[in-house]
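Contents: one structure, followed by commentary.
The values are calculated or read from the model by the stated rules, or taken from the named source; none is laboratory data. The structure presented is a predicted model; accordingly, all values stated were derived computationally and were not measured. Positions of Cβ are generated from backbone atoms using ideal geometry, with glycine treated the same way; all protein chains shown enter the neighbour counts. Ligands, DNA and RNA are stripped out before the accessible areas are found, and what is left, the full protein with its side chains, is counted by its heavy atoms. Shrake-Rupley method; radii C 1.70, N 1.55, O 1.52, S 1.80 Å.
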Amino acid sequence: MNAIVIKGGKRLEGSVDISGAKNAALPILASTLLTSGTSVLTNVPRLEDVSTMIRLLEYMGAECRWHDSLIVDSTRLKNSEAPYELVKTMRASILVLGPLVARYGYARVSLPGGCAIGARPINLHLKALETLGARIELEHGYVTAHCDRLRGGEISFDTVTVTGTENILMAACLADGVTTIDNAAEEPEVVALAETLSRMGGRISGAGTRRIVVEGVPRLSPVASRIMPDRIEAGTMMVAAAITGGDVRIRGARQEHLGAVVTKLEEVGVKIEPEGDVLRVIGPERIGSADLRTHPFPGFPTDMQAQFMALMTISEGDSRISETVFENRFMHVNELQRMGADISIQSNTAHIRGVPHLSGAPVMATDLRASASLILAGLAARGETRVTRIYHLDRGYEQLERKLTDLGASVRRVSEE
Ligand code: EPZ
């Protein structure tokens, strides 16, 4: 296993390019199952989760190859099954369910199971597919969906679900008739998927709002698609500039995707200056404290909660961070406490009392965003921080240590016996 070792105290300066968004690439890769032919995807990040999705598509018979772009030929699919061995490593594998049942009338996908941040059920995905006429069976740890042809229907999600919205959006494109999706997720990644599906021939309106309407079509065509920049990587880099009192230009970030993050960082004293498609982020001498509640887009993203908490550990004052989306997304707290952070948890709220500084320590990553949080804390801590189980980080950040090193940080990857 690998670890990342950080020597804290370096002020970050310079420019960094944001990679393509993991959470846009995964549904768009799954959408290639809806069509027969060759799709060309550019700006796809080279991440573990993307490799897992490629393995899944190849398991089904798609042919994938990297040039500068990622080329996916879904002409010769040979099965509609997503096996446990692949799905257990990446929950987002569930995104193949909707496309497979829409195109082939049958899908058998391993239940993803929970993960470090919560139970992560898929009941809303399944209920919505049943509304479109699929017969759903759960047995031996797999979900099986059958349907000769999906028919349009009226779906209303009890809870906003990003991949639930994406699964149904893809399935509805090939359903017979019109589907409405109420309480839909408004995340930019949902909009990016809808734009790609529209270019494939889908008839979609309302993406990016709580109500999406899809008029089914008989077939879709392959497409060329450029993956949008990763707003969570951009937010993570903004916190890296803030926590080190640095001055960093973030290239490729879209400000309209980062509204709640920009607002919250400005509230604690961070200066953020848009310069075309660059965001200049200047960290303050003194970091103020602020309260935060995570929410579905356009609210403050849960995927930025752990990173913002790292910043609040060295703020001047007290902060409260409430996690409203997932039930167990405070796994980074114990590790931040090992670095000297003063944090207590009551129910779904973390109370953070800012301390003058953190001290470097050996810590353990527990999930993707917790890994980023610990690295950010290490950038600001006195001394050396060693983050183990860094395979969590590699799922969702492309060359993070190189990007941080290029900004002046002392960060290196070491192999762990
Ligand atoms: C997506 O996960 C993202 N993953 C997550 O990013 C992100 O944290 C999450 O959306 C929220 O923004 C991808 O896009 C691949 P949800 P998803 O369905 O779709 C409950 C990262 O770090 N729920 O929006 O799985 C669920 O338990 C990852 O990049 C049900 O109860 O999240 C949660 O409490 C982590 N039943 C809430 O809804 C369902 O059928 C929101 O989950 C589905 C969800």
Note, the stretch 396-406: 3J(HN,Hα) by Karplus (6.51, -1.76, 1.60, θ = phi - 60°), whole Hz, Gly/Pro = x, goes x, 10, 8, 6, 4, 5, 5, 4, 5, 4, 4
Residue by residue through the stretch 51-56, the couplings from Karplus 6.51 cos²θ - 1.76 cosθ + 1.60 with θ = phi - 60°, in Hz, x for Gly and Pro, are 4, 5, 5, 4, 4, 5
The alpha-carbon center of the stretch 193-261 and that of the stretch 6-47 are separated, in whole Å, by 11 Å
On Cα atoms only, tilt of 368-380 relative to the major axis of the chain in degrees: 20 degrees
First obtain the Kirkwood hydrodynamic radius of the stretch 22-226 from its Cα pairs, then insert it into the Stokes-Einstein equation at 10 °C and 1.306 mPa s, and state the resulting D in µm² per second as a whole number. 97 µm²/s
Taking a ≥ b ≥ c as the square roots of the eigenvalues of the Cα gyration tensor of the stretch 236-294, is the shape rounded (a/c under 1.5), prolate (a/b larger than b/c) or oblate? oblate
Which pairs, out of K7/K88; K7/K403; K22/K403; K22/K264; K88/K127, put more than 25 Å between their alpha-carbon atoms? K7/K88
Send over the Kirkwood Rh of the chain, from the inverse of the averaged 1/r over different Cα pairs, rounded to one decimal Å. 21.8 Å
Mean-square fluctuation check for the chain, GNM, Cα pairs under 10 Å: which of L258, L57, L138 is largest? L138
Treat every Asp and Glu Cβ in the chain as -1 and every Lys and Arg Cβ as +1, leave all other atoms uncharged, and give the resulting dipole magnitude about the Cα centre to the nearest 20 debye. 400 debye
Normalised by the number of residues in the stretch 88-239, what is the relative contact order in percent for Cα pairs under 8 Å and 6+ residues apart? 19 percent
Heavy-atom accessible area per residue of the chain, all protein chains kept, 1.4 Å probe, expressed in Å², is 39 Å²
Quick query: amide H of V44 versus all other amide H atoms, modeled in the peptide plane; which residues come in under 5 Å with a sequence gap of 5 or more or a different chain? L70, I227
Round to a whole number: what % of the accessible area of the chain belongs to carbon and sulfur, probe 1.4 Å? 46 percent
Heads up, the stretch 267-417 by the C-alpha gyration tensor (a ≥ b ≥ c square roots of eigenvalues; a/c under 1.5 rounded, else a/b over b/c prolate, else oblate) looks rounded
R293 long-range amide H proximity, modeled H, under 5 Å: S322
Only Cα pairs under 8 Å and at least 6 apart count here; give the relative contact order of the chain as a rounded whole percent. 21 percent
Output the 0 to 90 degree angle, nearest 10, between the alpha-carbon long axis of helix 231-243 and the longest principal axis computed from the alpha carbons of the chain. 0 degrees
Candidate aspartates and glutamates - alpha carbon under 13 Å from K271, same-chain residues fewer than 8 apart omitted: D247, E285
